[in-house]
Amino acid sequence: MDSAALIARLTHRLFGSPILLNSFRGEVGEEMVAMALEPEWEHCAGDWAAFDFRHGRSGLRIQVKQSAARQSWHKDNCPPPRPRFSIAE
């Protein structure tokens, strides 16, 4: 199997479903924001980075947050929980 076939299979397995695994949803969210903000904003996220984007001229920073009502472990007969968000330090 060549590397292109491996990448295609892995991409389909990880991103080919309407419900993404928790570990990948943040990455997808950041890329969506990057597509909207670049090139004025730099995508500078890293593993456990304090923020995800920095504005070149002003130095302003953005931390992207995401949540999903449906999780990969939910059963079809269970209603999803109500989303909750907090910006507490």
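Here are the numbers for this structure:
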{"quantity": "Where residue 6 falls short, out of the listed (1) at pLDDT 95 or above; (2) within 24 Å of residue 87 (Cβ to Cβ)", "calculated": "(2)"}
{"quantity": "Residues (basic (Lys, Arg) and closer than 19 Å to residue 67 by Cβ) located in segment 10-46", "calculated": "25"}
{"quantity": "Segment 6-48, subset without any contact (Cβ under 8 Å) to a residue 12 or more places away in the chain and open to solvent by less than 40 Å² (accessible area, probe 1.4 Å), residue nearest to residue 74 (Cα to Cα)", "calculated": "14"}
{"quantity": "In segment 49-70, the residues that are assigned to a loop (DSSP other than H, G, I, E, B) and open to solvent by 60 Å² or more (accessible area, probe 1.4 Å)", "calculated": "50, 56, 57, 58, 60, 63, 65, 66, 67, 70"}
{"quantity": "Cross-chain or 6+ apart pairs with Cβ under 7 Å, segment 60-81 first and closer than 19 Å to residue 34 by Cβ, then of a type in the set (Gly, Ala, Ser)", "calculated": "64/29; 66/26; 66/29"}
{"quantity": "Qualifying residue in segment 21-41 (condition: assigned to a strand (DSSP E or B) and at pLDDT 95 or above)", "calculated": "yes"}
{"quantity": "Residue in segment 35-53 that is out of contact with any strand residue (DSSP E or B) (no Cβ under 8 Å at 6 or more places or on another chain), under 19 Å from residue 17 (Cα atoms) and not basic (Lys, Arg) present", "calculated": "no"}
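The values are calculated or read from the model by the stated rules, or taken from the named source; none is laboratory data. Since the model is a prediction, treat every value here as computed from it, not as a measurement. Note that each Cβ is placed from the backbone with ideal geometry, even for glycine, and that neighbours are counted across all protein chains shown. Quick note on the areas: whole protein, heavy atoms, side chains included, nothing else; ligands and nucleic acids left out. Shrake-Rupley method; radii C 1.70, N 1.55, O 1.52, S 1.80 Å.
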